[in-house]
Amino acid sequence: MLYEDLHYVPTYAYDPLDPNGNITIKWDIISWTPDGYVAVVTMNNFQQYRHIASPGWSLGWTWAKKEVIWSMMGGQTTEQGDCSKFKGTPPHCCKKDPTVVDLLPGTPYNMQIANCCKGGVLSSFAQDPANSVSSFQVSVGRAGTTNKTVKVPKNFTLKAPGPGYTCSPAKIVKPTLFIQADKRRVTQALMTWNVTCTYSQFLAQKTPTCCVSLSSFYNDTIVPCPTCACGCQGNSSQTGACVNGNTPHLASVVSGQHNFAPLVQCTSHMCPVRIHWHVKLNYKEYWRVKVTITNFNYRMNFSDWNMVVQHPNLDNVTQLFSFNYKSLTPYGTINDTAMLWGFKFYNDFLNQAGPDGNVQSEILFRKDKSTFTFDKGWAFPRRIYFNGDNCVMPPPDAYPWLPNAGSQQQASLLALVMSSLVALVFYAYV
């Protein structure tokens, strides 16, 4: 049976847990030049829990006319292109379809603008709103010099760093207003257009990137991640290569190729990341869960990772140990979704696969007597995301079942009958 038949993953760019999430690119013309304009391009990540990690974003477009980029601040194009037609100092970029990347931290101050120079890393809005913005300034030549002669660029693309985002056409909107530092004067852009980019997990990768395993104190069964959840061993076209954890000279195998293709530990599920949900303890008015995130990817560290959980008891979290917590309400008044992430400089960094490649925490829930039960898998999450990607859950009929009184009585009665038979046979021989 095909993978798609076993595990359904939404293929569209709509996220039910973050229905309004997107990255909005705003292009503000702030001044005219003899042959064009100067603009500030701002990228706002309005996604609640999906961020852009290193090596960062790259933004591309196609010019509508024969524009060139004379100079930039806070960013740079990856290629200059053919500028042989220009005498004197050549433009920064002459390509018809330039690609811009962020500058690195430590860039000289005279090349910086506000919100630049983070190496393309863009935090999620809920996790770190102050760092969910990135900007660069561009001086465009051979363009129009009025609102009527300027043509908006076409075919915007956003990579983060790979595929996954689809961008809308640029739309001219009301000019952006800028409040001055003394808050006594407001200026505005000469012209503004917006581009909206939305994410699709299906476009980003062929297979899922994480899975969920389950266990509980009331059942000895440990439900593993579904087999081939992220691909199968031997099918490197889907998941990339895998290596056993006890392979001799493992370090040389890992460092042998310098690329971003996953090199995962060989497992039955073949997922780079596994999240284990263990129902640990039951108290009179509370119950407790232990969550463990394990990295099986030998080539990837996850900085500023986050996890999103959907469970009906998240409306009554009493205490969270060693993770940050933020309630999300994608359905208005229904509070059943939460975002979890590590403490800064403590466990916000998930190491590559190995002895230190895991982080864990415990969650204490207060019981709501009208809804609480351990029956029928209620204690397990409905959905889990890691770094914005939906993780593969085990099938519901595989969840650890709760032993009921009837089954215990039947077992006790069977044991009593067997004991009686053994006693009768013993006395008969005696």
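Look at segment 341-352: where a residue is in the same structural domain as residue 272 (by the TED database) and open to solvent by 70 Å² or more (accessible area, probe 1.4 Å) and a partner is modelled with pLDDT of 90 or more and among the hydrophobic types (A, V, I, L, M, F, W, C), sitting 6+ places away or on another chain with Cβ atoms under 9 Å, you get 343/323; 349/302; 349/305; 349/359; 352/302.
Regarding residue 327, is this residue under 30 Å from residue 241 (Cα atoms) and of a type in the set (Ser, Thr, Tyr)? Judged against the criteria, residue 327 is not a match.
Among residues of segment 154-181 that are in contact (Cβ under 8 Å) with a residue 12 or more places away in the chain, those with a Cβ under 9 angstrom from a residue that is charged (D, E, K, R) and not in a loop (DSSP other than H, G, I, E, B), sequence gap 6+ or separate chain, pair up as 165/159; 169/154; 170/154; 173/26; 175/28; 176/26; 176/28. Taking the conditions (1) farther than 30 Å from residue 100 by Cα; (2) in contact with a Gly (Cβ under 9 Å, 6 or more places away or on another chain); (3) assigned to a strand (DSSP E or B) in turn, residue 245 satisfies each one other than (3). Restricting attention to segment 63-80, the residues that are in a loop (DSSP other than H, G, I, E, B) and aliphatic (A, V, I, L, M) add up to 1.
Counting the residues of segment 154-177 that are loosely packed, with under 15 Cβ neighbours inside 10 Å and modelled with pLDDT of 95 or more gives 9.
What's the number of the condition residue 77 fails, among (1) hydroxyl-bearing (Ser, Thr, Tyr); (2) under 24 Å from residue 14 (Cβ atoms); (3) in contact with a Cys (Cβ under 9 Å, 6 or more places away or on another chain)? With (1) hydroxyl-bearing (Ser, Thr, Tyr); (2) under 24 Å from residue 14 (Cβ atoms); (3) in contact with a Cys (Cβ under 9 Å, 6 or more places away or on another chain) applied to residue 77, the lone miss is (2). Determine, yes or no, whether residue 126 is part of a loop (DSSP other than H, G, I, E, B), of a type in the set (A, V, I, L, M, F, W, C), over 22 Å from the mean Cα position of the chain (by Cα) and more than 17 Å from residue 195 (Cβ to Cβ). When the stated conditions are applied, residue 126 does not pass them. In this structure, is residue 229 open to solvent by less than 20 Å² (accessible area, probe 1.4 Å) and of a type in the set (A, V, I, L, M, F, W, C)? Yes: the conditions hold for residue 229.
Within the set 96, 87, 151, the sole residue that is more than 27 Å from residue 304 (Cα to Cα), in a loop (DSSP other than H, G, I, E, B), of a type outside the set (A, V, I, L, M, F, W, C) and at pLDDT below 95 turns out to be 87.
The values are calculated or read from the model by the stated rules, or taken from the named source; none is laboratory data. The structure displayed is predicted, hence computed values, not measured ones. Cβ coordinates were reconstructed from backbone atoms using ideal geometry, including for glycine residues, and neighbour counts include every protein chain displayed. Heavy atoms of the whole protein, side chains included, go into the accessibility calculation; ligands, DNA and RNA do not. Shrake-Rupley method; radii C 1.70, N 1.55, O 1.52, S 1.80 Å.
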